[in-house]
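Step one of this worksheet: look at the structure below.
Just so you know, all these numbers are worked out from the coordinates, no wet-lab data involved. All of these numbers come straight from a predicted model, not from anything done at the bench. Heads up, the Cβs are rebuilt from the backbone with ideal geometry, glycines too, and the neighbour counts pull from every protein chain shown.
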Protein chains: 2
Amino acid sequence: MTDREDFERAGRRAKDAAAELAPLTRAVKDAALHAVADALEAATAEIVKANAEDVTRARAAGTAEAMIDRLSLTPERIAAIAEAVRSVAALPDPVGETVRGSVLPNGLDLRQVRVPLGVVGIIYEGRPNVTVDAAALCLKSGNAALLRGSSSAHTSNSVLVDVMRRALAGTPVPADAVQLVPGTSRESVKHLMRARGLVDVLIPRGGASLINSVVEESTVPVIETGVGNCSVYVDAAADVAMAVEILLNAKTQRPSVCNAAETLLVHADVADAFLPAALAALAEKGVTVHGDERVRAYGDAVVPATEDDWDTEYLSLDIAARVVDSLDDAVAHIRRHGSGHTEAIVTASQPAARRFTARVDAAAVMVNASTRFTDGEEFGFGAEIGISTQKLHARGPMGLPELTSTKYVVTGDGQVR
Amino acid sequence: MTDREDFERAGRRAKDAAAELAPLTRAVKDAALHAVADALEAATAEIVKANAEDVTRARAAGTAEAMIDRLSLTPERIAAIAEAVRSVAALPDPVGETVRGSVLPNGLDLRQVRVPLGVVGIIYEGRPNVTVDAAALCLKSGNAALLRGSSSAHTSNSVLVDVMRRALAGTPVPADAVQLVPGTSRESVKHLMRARGLVDVLIPRGGASLINSVVEESTVPVIETGVGNCSVYVDAAADVAMAVEILLNAKTQRPSVCNAAETLLVHADVADAFLPAALAALAEKGVTVHGDERVRAYGDAVVPATEDDWDTEYLSLDIAARVVDSLDDAVAHIRRHGSGHTEAIVTASQPAARRFTARVDAAAVMVNASTRFTDGEEFGFGAEIGISTQKLHARGPMGLPELTSTKYVVTGDGQVR
């Protein structure tokens, strides 16, 4: 059997499973999630053993320690993964929620209700915990999951999916609601991207190059996630101490994530008061500042910024910095270089805050708060499947409701036009 | 200058216009819409003259009269188009609406507010009124419109856009918020489909082949509209007279539109009572029934259905018909052949209605009502830009809110993580 036939069989099984899963009640889905969580914990030894094979292979291939760390599963991490599944069970079920409803003039009863999307394809990189997180979120929202993780984690992912499917086999949730895409070749990703009609949405989670290639090649609708070239704009009317604290937090609290700050924009009027303190604080945390000429005037350690720096998502202890002459220049910089993730302003001026929030086009705009708050947990949505940086369907942290569509149910007693 | 450079200039102007348009108030946008409506009426003679050129060319090319009728603009039709623009002005502005809001435990004020999508590309067929309707809906929802109509209506569309742009030039709304895609070649459509980063969403309005080619080739997110292979399922517990009336209305009241019925599914237990009356009523209206063997037993005029008939959107006085043994068989037929637009059940049984609405996956599911009600006006949304048959972003009739995205505005007083 070819890869393509293998894939189509898996896709059709996922589609059938989605149809079976859609009308199941919350109680049934939650019980299945608890069965999955218990099964994962019970299979700890088996999972750790499979994971050790992936880790050994990765070490032999000279993989960096940070990547090895992301790949590794320990009994403690497996317990945390199981606990995350139980947290998903505790979240409200979005399916069936009435989004709007009315009675039309002709007496028709119109209700728009949330329904599952159907089959959700997820393409992701090294972390095997995503395999379980994504499956749990899909299952709770009534969707079948077709998972395509990194080939470096394939042994771990195979065992994780196997354990979940065995757990589901004892419940009304069809085991085929959770599947790995067959094969580890690049072709197998292509099948997923071209599976229009079998797969309802694709969510790539990873770096810019993965996401671009999915957007370019996919005929299945895609939700882009994750690329965050976020900035902190320190307005003329900023409280300087607050601005330093927000900047440090946004840049250094966890530099490797998408909602960390990558650019600092400083209004010229506050540069004298703010930049010396800010540069000293950044230096103390080991941050390299890539500054324009005006920023470099405030510190010898500032390295010259190139045009590329404004577009770079460092994900490291680096930040690009520029002095701007006005709030509108900051907005224009963001329009040109931002990735539409999170942009922050620090200001005590109400008109400045109002103008910035109205004119900056991003998933999240922060006023006097760190960019690091753009997150499903922080926003109170519970777990998230990713942070959408596009404008269609979902924008910002995607929780369970963002994994649903709607349908109109129209009830009458014989109405015709 | 190449076509591609021409297109990119237009796209960049649209993107700049969208940024200017986004923060404008409802009052400003409504005044601009009234200026557009007045200008269209004042330019009636100019528009009719341009349209006559398109019509002459279409006649010379041997175009069918139905198409000529869709293409033609008369003073009365221009007045109706202007009036439709005024109706759009009268609709509520979706921009700025708070979709959800809360105060987080750390005191951050979280609001999710509606914002324009940005630049909306619309690809459509013969009717020049779509040029104005689409521009008005985009403008009201704060979006710039990049319009690509049929080359057969290019002279009419050029004048319509010209008149609208001249009207906008006297308002705070930038004229570049309404543009035709430069050129009439097939290449110019390709530029629009590949304009990721310049165009935020593409809405193709037309037949299945247009929509498929856009989905296949576009890197810009697409909202699919319009293909409707809708069915009426007459349940065992149906009121027979009501079922006949709904079927006739769904099939014959306006056969050329996407929410007209194309398939009839009849439960075996009601076939004796329903089919003779239904076939007689359909014959009287001139409908050709393409039936399976069991349907053919009820009428000599029924022509044999082929496998293709189940998947055909006739848009004519034809209907495919099949007898099924159960509600679940009807649901299975719809799952296999439906286009996800509108499916109707006629039944007096509450459990049957509940099972059908829960298991049929479509933009709209009708209980004891005609499929013809799936429509923005009928649903009370005012004008619609199309009927989405996909599951992402918008499903069913798309009004003004469906032409928006959202952004999170998060306001604090120095919060960090």
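Counting, for every residue in B:220-227, the Cβ atoms of other protein chains within 10 Å of its Cβ and taking the mean gives 2. With contacts taken as Cα pairs under 8 Å at a separation of at least 6 residues, chain A carries a relative contact order of 18 percent. So, in Å, what gap is there between the alpha-carbon centers of the range A:206-279 and the range B:24-94? Rounded to whole Å, the Cα centres lie 46 Å apart. Helix A:129-140 versus the longest principal axis of chain A: what angle, 0 to 90°, nearest 10, using Cα atoms? Once rounded, one gets 60 degrees. Remark on residue A:199: its backbone amide H falls under 5 Å from none of the residues 5 or more positions apart or on other chains, H modelled at 1.01 Å from N. In the assembly of identical copies, residue B:401 has its label point, taken 7 Å from Cα in the direction of the beta carbon, separated from the corresponding points by 1.0 nm (ascending, one decimal). Residue of chain A with the Cβ closest to the rotation axis carrying A onto B, and that distance rounded to whole Å: A:393, 2. When residue B:300 is represented by a point 7 angstrom out along its Cα-to-C-beta vector, the spacings to that point in the other copies are 10.7 nm, nearest first. The DSSP beta bridges internal to chain B are antiparallel in roughly 30% of cases. DSSP assigns beta bridges within the protein assembly as shown; of those with both partners inside it, close to 30 percent run antiparallel. In summary, the lysines within cross-link reach of residue A:285, defined as a Cα separation below 17 angstrom excluding same-chain residues under 8 places away, comprise A:251. Once both labels are positioned 7 Å from their Cα atoms along Cα-to-Cβ, the gap between residue B:59 and residue B:216 label points is 3.6 nm.
Computed from backbone phi, the HN-Hα couplings of the range B:86-94 come to 5, 5, 5, 4, 6, 6, x, 7, x Hz, rounded to whole numbers (Karplus: 6.51 cos²θ - 1.76 cosθ + 1.60, θ = phi - 60°; Gly and Pro given as x).
Packing-based ranking of A:74-84, B:222-232 yields B:222-232, A:74-84, ordered from highest to lowest mean Cβ neighbour count within 10 Å.
Distances between placed amide hydrogens fall under 5 Å for residue B:405 paired with B:115, B:117, all partners being 5 or more residues away or on another chain. Multiplying the residue separation of residue A:329 and residue A:293 by 0.36 nm and subtracting their alpha-carbon distance yields 11.3 nm. Using θ = phi - 60° in the Karplus curve 6.51 cos²θ - 1.76 cosθ + 1.60, the 3J(HN,Hα) couplings for the range B:180-193 round to 7, 4, x, x, 10, 6, 5, 4, 5, 5, 4, 4, 4, 6 Hz; x is entered for Gly and Pro. Ellipsoid fit via the Cα gyration tensor, the protein assembly as shown: semi-axes of 46, 37, 22 Å, each the root of five times an eigenvalue, largest first.
Dividing the summed -39500 (n - 2.57) terms of all DSSP H runs of n ≥ 4 by the residue count of the protein assembly as shown sets its mean residue ellipticity at 222 nm at -13500 deg cm²/dmol. The C-alpha atoms of chain A define a longest principal axis, and helix A:268-284 lies at about 70 degrees to it.
For residue A:288, the residues 5 or more places off, or on other chains, whose built amide H falls under 5 Å of its own are A:318, A:319.
Qualifying GluC sites (Glu not before Pro) in the range A:370-417, where qualification requires a DSSP coil assignment and no more than 13 other C-beta atoms within 10 Å, comprise A:377. Farthest towards the positive end of the charge dipole of chain B, among the residues B:124, B:85, B:271, is the Cα of B:85, using unit charges on the Cβ of Lys, Arg, Asp and Glu. Each copy carries a label point for residue A:216 at 7 Å from Cα toward Cβ; from one copy, the others' points are 2.1 nm away, ordered from shortest.
For a 21 Å ceiling on Cα separation, which of these pairs sit above it: B:15/B:190; A:391/B:391; A:140/B:391; A:140/B:407? Beyond 21 Å: A:140/B:407. Taking the fewest neighbouring Cβ atoms within 10 Å as the starting point, the ordered list for A:185, B:150, B:349 is A:185, B:349, B:150.
Computed from phi, the 3J(HN,Hα) profile of the range A:10-18 under the Karplus parametrisation 6.51, -1.76, 1.60 (θ = phi - 60°) reads 4, x, 5, 5, 5, 5, 5, 4, 4 Hz, with x in place of Gly and Pro.
Under the criterion of Cα pairs below 8 Å and six or more residues apart, the relative contact order for the range B:230-377 equals 33 percent. Translational diffusion coefficient, Stokes-Einstein: compute it for the range A:230-377 using the Kirkwood radius over C-alpha pairs as Rh, at 10 °C and 1.306 mPa s, and state it as an integer in µm² s⁻¹. In µm²/s, the coefficient rounds to 109. Roughly what angle does helix B:208-217 make with the longest principal axis of chain B, taking Cα atoms, 0 to 90 degrees, to the nearest 10? Approximately 50 degrees, to the nearest 10.
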